[in-house]
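Q: One structure, pasted below without further comment.
Values in this text are rule-based calculations from the coordinates and carry no lab data. Remember, predicted model here, so these are calculated numbers, not experimental data. Positions of Cβ are generated from backbone atoms using ideal geometry, with glycine treated the same way; all protein chains shown enter the neighbour counts.
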Amino acid sequence: MVFIRMRFRRFISVPVLLAAFAASVTAAQQRPEPLPNIVIIFTDDLGYGDIGSFGAKGYETPNLDKLARQGTVFRNFHVAQAVCSASRAGLQTGCYPNRIGIHGALGPKGVTGINAKEMTLAEMVKQRGYATAMFGKWHLGHQPQFLPPNHGYDEYFGLPYSNDMWPFHPEYANAPLSKKREGYPELPMIEGTNIVIPKIEPKHQEQLTTWYTEHAVRFIKAHSNQPFLLLLTHSMPHVPLFVSDKFKGKTKRGLFGDVIMEIDWSVGEVLKALEQAGIEKNTWVIFTSDNGPWLNYGDHAGTALPLREGKGTSWDGGIRVPCIMRWPGRIPAGKESSRMLMTIDLFPTIANLIGARLPKHPIDGKNVWPIISGQRKAPNPHSSYWIYYANNQLQAVISGDGQWKLVLPHKYRTLNGRPGGAGGKPVNYDQNEVTQPELYKLGTDMSESIEVSSKYPAIMKRLLAEAERARAQLGDNLARRNGAGVRPAGTAAEPE
């Protein structure tokens with residue numbers, strides 16, 4: 001009898017086990033994938049040709065080269081404007097910066113910043129329980145109400161604006177101390193919303209890249225068990241250039257090359273922290289820049305070649321920047337893409353991936369995950385991208401596929417082939433002017449050297465119509481037009 005009971009138990013256990021196995025498989029299939037970590041490394045004034053996979057010479061970028069081998073190199077990636085604050089506004093909100101009232105580079109004596117009604121990347125991902133941090137340059141308002149902790153970031157450590165906005169600005173290098181202090185106030189280091197170093201000195205500037213990196217690594221280690229958003233927004237290679245002793249004098253390119261090698265080291269430290277935490281396979285890493293190089297600083301600036309011009313212009317040397325993205329198994333490894341993308345597209349793409357809601361107000365970016373993930377023939381959802389500069393001037397329109405660029409009449413700065421300055425001192429720009437609308441076939445002429453409007457009147461007509469659509473939404477000071485879709489920046493009380 002005992003023997004029979006044992007056989008019976010074995011017999012009935014088979015369907016039970018099969019049912020349990022089927023239930024476990026179904027549960028695994030229904031279990032949602034873990035939310036990805038998102039790391040955005042955003043450099044300052046890094047040119048199109050300033051890292052190894054984009055042709056840099058005189059120094060090496062082994063960690064960025066590794067990132068490129070493990071991910072996809074995007075060779076047609078643009079920022080919303082070729083200047084600090086405006087570019088960062090586009091990244092943070094998915095909006096053209098002039099839509100939200102952010103223009104140019106906000107100064108330390110200004111009283112405007114990002115409006116509390118705008119949704120930032122951090123506020124968006126917090127809907128899904130993300131930990132959030134930003135380490136580095138902010139530049140969307142320096143008063144407490146504008147700082148990152150009041151716009152969704154759990155942690156912040158960095159400079160409130162550019163590292164040249166201090167009494168030792170390069171333009172005041174030879175001026176007496178009294179004159180220096182007339183130009184800019186003291187530059188503070190901020191942690192959270194508190195000033196932790198009231199007066200940044202050269203010895204502090206030398207540690208910026210290291211300090212930001214150390215904060216980033218600590219944050220990764222502390223939050224490896226939950227999804228997180230990390231923005232590492234380096235102050236370099238914006239002038240004045242500074243580098244720590246561990247990279248000083250290491251490259252043939254001089255100080256600029258040393259600075260880029262330290263940024264590359266920083267990338268390596270972040271990648272190593274992700275690997276050590278065992279989360280590199282579930283982390284989307286994005287490396288890019290806020291705009292092109294500040295060319296009139298010469299040997300203290302990078303290069304945008306083969307693109308035309310640099311920072312502060314709407315030619316592609318100002319707005320097209322190096323970009324590498326890695327997410328093992330989700331973004332193709334060892335690939336290159338010439339598809340048109342812009343920083344404003346990251347916001348809605350991230351929202352779509354993690355199931356977060358977009359803000360109720362209009363934004364300009366669109367979900368471009370099919371392009372980023374390498375889906376063949378995935379169309380770009382934009383009919384065009386709008387390129388503004390200065391005080392709300394519409395200066396160019398690029399077709400959504402990035403093949404064509406309409407350049408509208410405007411004045412722009414240029415060196416006209418002259419060399420830039422040396423030793424951290426700039427030379428003056430010349431002023432050139434586009435007097436008639438011009439058309440360039442970016443797909444085959446990325447240097448914007450051959451004007452082709454007479455050959456392609458239909459393309460010209462289509463992009464001129466896109467320009468009118470931009471003006472209706474966002475205005476155009478050159479055309480004396482106001483836009484119906486513009487929202488105000490935030491304002492703070494006048495400083496006493």
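Q: Tell me, what HN-Hα J-couplings in whole Hz come from the Karplus equation 6.51 cos²θ - 1.76 cosθ + 1.60 at θ = phi - 60° for each residue of region 305-322, using x for Gly and Pro?
A: Result, ordered by residue: 4, x, 7, 8, 6, x, 3, x, 10, 9, 5, 5, x, x, 10, 9, 10, x Hz.
Q: Quick one: if you take sqrt(5λ) for each eigenvalue of the C-alpha gyration tensor of region 311-366, what semi-axes come out, biggest first, whole angstrom?
A: So the equivalent ellipsoid measures 23, 21, 7 Å along its semi-axes.
Q: Something else: How high is the relative contact order of region 388-485, in percent, counting Cα pairs under 8 Å that sit 6 or more residues apart?
A: In percent, rounded to a whole number, it is 28.
Q: Under a cut-off of 13 Å between alpha-carbon atoms, report the aspartates and glutamates in cross-link reach of LYS377, not counting same-chain residues fewer than 8 places apart.
A: The qualifying aspartates and glutamates are ASP401.
Q: At 222 nm, what value in deg cm²/dmol follows for the chain if DSSP H runs of at least 4 each add -39500 (n - 2.57) and the sum is divided by all its residues, to the nearest 500?
A: Computed ellipticity for the chain at 222 nm equals -8500 deg cm²/dmol.
Q: Let me ask something else. Listed here are the pairs LYS57/LYS246; LYS66/LYS221; LYS250/LYS272; LYS272/LYS311; LYS252/LYS281; LYS66/LYS246; which of them are more than 27 Å apart at the Cα?
A: LYS272/LYS311; LYS252/LYS281
Q: Label region 37-381 by shape, choosing from rounded, prolate and oblate, from the square roots a ≥ b ≥ c of the eigenvalues of the Cα gyration tensor; if a/c is under 1.5 it is rounded, and otherwise prolate applies when a/b is larger than b/c, oblate when it is not.
A: Here region 37-381 falls in the rounded category.
Q: How big is the gap, in Å, between the Cα center of region 57-134 and the Cα center of region 409-451?
A: Each part reduced to its Cα centre gives a spacing of 24 Å.
Q: In what order do TYR156, TYR48 fall by count of nearby beta-carbon atoms within 10 Å, going from fewest to most?
A: Ranked by crowding around the Cβ, least crowded first: TYR156, TYR48.
Q: Using only the Cα atoms of region 388-485, construct the convex hull and provide its projected area averaged over every direction, in square nanometres to one decimal.
A: Projected over every direction and averaged, the Cα hull of region 388-485 covers 7.9 nm².
Q: Round to a whole angstrom and tell me the spacing of the C-alpha centers of region 358-405 and region 299-352.
A: 13 Å
Q: A further question on this structure: Taking Cα atoms, how many degrees apart are the long axis of helix 84-93 and the longest axis of the chain, rounded to 10 and kept between 0 and 90?
A: The helix 84-93 is inclined about 30 degrees to the chain.
Q: Quick one: Karplus J couplings for region 390-401, per residue in order, coefficients 6.51, -1.76, 1.60, θ = phi - 60°, nearest Hz, x for Gly and Pro?
A: 6, 8, 6, 9, 7, 10, 7, 9, 10, 4, x, 8
Q: Rounded, prolate or oblate: pick one for region 258-338, where a ≥ b ≥ c are the square roots of the eigenvalues of its C-alpha gyration tensor, a/c under 1.5 means rounded, and failing that, prolate if a/b is larger than b/c, else oblate.
A: Working: a/c = 3.39, a/b = 1.76, b/c = 1.93.
It is oblate, given that a/c is not under 1.5 and a/b is not larger than b/c.
Q: I'd like the orientation of helix 255-276 relative to the chain: the angle between its Cα long axis and the longest Cα principal axis, in ° from 0 to 90, rounded to 10.
A: Roughly 10 degrees between the two axes.
Q: Using Cβ contacts closer than 10 Å as the measure, can you line up ILE372, ILE260, ILE450 from fewest to most?
A: Numbers: ILE372 25, ILE260 29, ILE450 11.
Ordered from fewest to most neighbouring Cβ atoms within 10 Å, ILE372, ILE260, ILE450 come out as ILE450, ILE372, ILE260.
Q: Another question, then. Among MET446, MET134, MET189, MET236, what is the fewest-to-most ranking by other Cβ atoms within 10 Å?
A: On the way: MET446 21, MET134 32, MET189 18, MET236 27.
Fewest to most other Cβ atoms nearby, the residues stand as MET189, MET446, MET236, MET134.
Q: I've got another one for you. Taking amide H positions as placed 1.01 Å from N in the peptide plane, with prolines and chain starts having none, which residues 5 or more places from GLN395, or on another chain, fall under 5 Å of its amide H?
A: Placed amide hydrogens put ILE387, TYR388, TYR389 under 5 Å from GLN395.
Q: P(r) for region 387-427: what percent of alpha-carbon pairs falls in each 10 Å bin, starting at zero?
A: 23, 32, 31, 14, 0
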